[in-house]
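K.L.:
Let me begin by handing over the structure; questions about it come next.
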Amino acid sequence: MDFIVDNIPWIALAAISGAMLFIPMLRGANAAALSPAQVVMLVNRQNAVMLDVRDSEEFKASCIANSRNLPLAELEKRLDELNKYRSKPVIAICATGNRSGRAVSILRKAGFDQAYNLAGGIAAWREAGQPVSTGKAA
């Protein structure tokens, strides 16, 4: 009992930091992240739109077939170009999943309820053995 009384500040700090680890899970922070296998199923079953938010040069070097390039820096200004896809799932893609996560936030705020992130980006796509090709910048 003396140990607990003597270390109340440390115990409280541990409890608070532990709780902070679970808050993003409770809010569903990664609920929009899909594995490469889930992305393939969504494309095949619901004709999902693949939106590559990497820079044009990255996209030209390698991309997922039939993906559309719209760099993250231009996404908010060019949202009108995506209006025809509002009723479809939109999967944001980048190199590792970071930029595409931000793109999903932008898309969801703009009313794209079915916006998803390819978890791990094109690196995870390749690692899963999925094909890539060279692209043409939009």
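K.L.:
If I filter the stretch 125-137 for residues that are at pLDDT below 95 and of a type in the set (Ser, Thr, Tyr), do I get at least one hit?
P.N.:
yes
K.L.:
Let me ask something else about it. Name the pairs: first residue in the stretch 67-86 and in the same structural domain as Ala103 (by TED's automatic domain parsing) and crowded, with 18+ Cβ neighbours inside 10 Å, second residue in a loop (DSSP other than H, G, I, E, B) and of a type in the set (Gly, Ala, Ser), Cβ to Cβ under 6 Å, at least 6 apart or on different chains?
P.N.:
From residues that are in the same structural domain as Ala103 (by TED's automatic domain parsing) and crowded, with 18+ Cβ neighbours inside 10 Å, the pairs are Asn69/Ala137; Asn69/Ala138.
K.L.:
Also: Hey, can you tell me all the residues within the stretch 26-35 that are surrounded by 10 or more Cβ atoms within 10 Å (Cβ to Cβ) and either in a helix (DSSP H, G or I) or modelled with pLDDT under 60 (or both)?
P.N.:
Passing the criteria: Ala29, Asn30, Ala31.
K.L.:
Any residue that is outside any helix (DSSP H, G or I) and either modelled with pLDDT under 85 or of a type in the set (A, V, I, L, M, F, W, C) (or both) - is there at least one of those in the stretch 9-25?
P.N.:
No.
K.L.:
Can you tell me which residue is farthest from Thr96 (Cα to Cα) among those in the stretch 55-80 that are in contact with a Pro (Cβ under 7 Å, 6 or more places away or on another chain) and not acidic (Asp, Glu)?
P.N.:
Residues of the stretch 55-80 that are in contact with a Pro (Cβ under 7 Å, 6 or more places away or on another chain), as a first pass: 55-56, 65.
Still in the running and not acidic (Asp, Glu): 56, 65.
Numbers: Ser56: 16, Ala65: 17 Å.
It comes out as Ala65.
K.L.:
Still on this structure, please answer the following. Would you pick out the residues in the stretch 93-114 that are more than 14 Å from Leu79 (Cβ to Cβ), of a type outside the set (D, E, K, R) and not in a loop (DSSP other than H, G, I, E, B)?
P.N.:
The answer is Ile93, Asn98, Ser100, Gly101.
The values are calculated or read from the model by the stated rules, or taken from the named source; none is laboratory data. Note that this is a predicted model, so its numbers are computed, not measured. Ideal geometry is used to build each Cβ from the backbone, glycine not excepted, and the neighbour counts take in all protein chains shown.
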